[in-house]
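The values are calculated or read from the model by the stated rules, or taken from the named source; none is laboratory data. Source: prediction; values computed, not measured. These accessible areas exclude ligands, DNA and RNA; they are computed on the full protein's heavy atoms, side chains included. Shrake-Rupley method; radii C 1.70, N 1.55, O 1.52, S 1.80 Å.
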Amino acid sequence: MIVDLLKLFRMHAEVYHNAKVCGDWLIRESELGQTCFHMPTEGACILSIPGFPDEILEAGELVIFPRELPHSMRPASEIEGLQVHVPYARAVEVEGTGMLCGKILFQHVGGDALINSLPKVMIFKHSANTMWLHQLRQLLIDESYLNAQSLVIDRLSELVFVYAMRHYVEQDCSDVGVLALYGHSKLRRALLEMHRSPQKAWTLKGLATVSGLSRTGLAESFKAVSGWTTMQYLTWWRMQLAYDYLSRGDSVSMVAEAVGYRSEAAFSRAFRREFSLHAGEVRRAHK
């Protein structure tokens, strides 16, 4: 389910640091408010965030800032010497901490909805449920010694973010919020059907049937978990799809039909309520 969102929102990663940091080093925040991540790929570091206890990140462990906060990272053990960033190509025998740092960007305005639903700081430690950290770290370090600035590093970093989001929804997500819907055993059935067939004339009764709930049970559970009604979510999902289709050049009439509106006028009103933009404006802006 979360992968549907990341795919729709056209997420991509840009790595801005991938090297060994040597000496008595200190790395601070790069771009406050930007979605970013850090992973020590070799060695360990201490992560300091004002208002939070210090955290030791071992090799392969991960911190994600949905919106970057002031923070700093330093070596986990005292090291003397000036701070030096050594490219992996020259760092095979060099003592230091491998640090991978990057940012996550979305080409779809709906990316904000995902980011706003996440906690301020997300830390992923090694455990039986996070074997993906070890596996992706190994791929990242192998590729880094071949070509630290390669497209492969960016794509592997995207996988790191995707796995982290899926882990959060399946393992750590709170009981309340839109993302909590994706981890709910029965409510997620309704979401799956909405995602698969947004053009269908869904009713509360029809969605309740696929969820194995009564109409009242679906309505009350959906509202309690997400704060939204079932139909509010359906409209929101349809509008996110519509924005994507329009930005790819589809006509307003085609998009309206594809997301379940028989009337182009009704679709246009719903789109404007969601984005404060006319549907035609989005289409023209992306030509």
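Per-residue ellipticity at 222 nm for the chain, helices alone: DSSP H runs ≥ 4 residues times -39500 (n - 2.57), over residue total, nearest 500 deg cm²/dmol?
Using -39500 (n - 2.57) per qualifying helix, the result is -12500 deg cm²/dmol.
Relative contact order for the chain using alpha-carbon pairs under 8 Å, separation at least 6, rounded to a whole percent?
Computed value for the chain: 18 percent relative contact order.
Could you tell me the extents of the stretch 161-287's C-alpha atoms along the three principal axes, largest first, rounded to whole Å?
If we take the Cα atoms of the stretch 161-287, the spans are 41, 36, 22 Å.
By what distance, in whole Å, do the Cα atoms of the stretch 1-75 stretch along each of the three principal axes, largest value first?
Projected onto the principal axes, the Cα atoms of the stretch 1-75 cover 42, 27, 20 Å.
Just to compare against my own numbers: the Cα pair-distance distribution for the stretch 116-210, 5 Å bins, whole % per bin, please.
All Cα pairs considered, the percentages come to 2, 11, 17, 15, 15, 14, 10, 8, 5, 2, 1, 0.
So for 243, 261, 163, what's the accessible-area order with a 1.4 Å probe, most first?
So, going from the largest accessible area down, we get 163, 261, 243.
Based on alpha-carbon atoms only, what is the radius of gyration of the chain relative to the globular estimate 2.2 N^0.38 Å?
My calculation over the Cα atoms of the chain gives 1.16.
Return one whole number: the accessible area per residue of the stretch 163-287 in Å², for a 1.4 Å probe.
52 Å²
For the stretch 52-115, report the accessible area per residue in Å² (1.4 Å probe, heavy atoms, rounded to an integer).
I get 49 Å² per residue for the stretch 52-115.
Which whole-percent values make up P(r) of the stretch 1-149 when all C-alpha to C-alpha distances are grouped in 10 Å steps starting at zero?
Bins of 10 Å from zero give 11, 39, 37, 12, 1 percent of pairs.
May I ask you to give the percent of accessible area on the chain that is carbon plus sulfur, with a probe radius of 1.4 Å?
Using a 1.4 Å probe with all protein chains present, the chain comes out at 51 percent carbon and sulfur.
How big is the accessible area of residue 24 in square angstrom, nearest 10, if you roll a 1.4 angstrom probe over the protein chains?
100 Å²
For the stretch 146-203 and the stretch 29-84, write down the distance between their C-alpha centroids in whole Å.
If you average the Cα positions of each part, the centres end up 25 Å apart.
Would you mind telling me which residue in 33, 110, 60 has the biggest mean-square fluctuation in a Gaussian network model of the chain, where springs connect alpha carbons within a distance under 10 angstrom?
In the Gaussian network model the winner is 33.
Tabulate in residue order the Karplus-calculated ³J(HN,Hα) for the stretch 121-134, using 6.51 cos²θ - 1.76 cosθ + 1.60 with θ = phi - 60°, rounded to whole Hz; enter x for Gly and Pro.
Computed from phi, the couplings for the stretch 121-134 are 9, 10, 10, 10, 9, 5, 7, 5, 8, 10, 4, 4, 4, 4 Hz.
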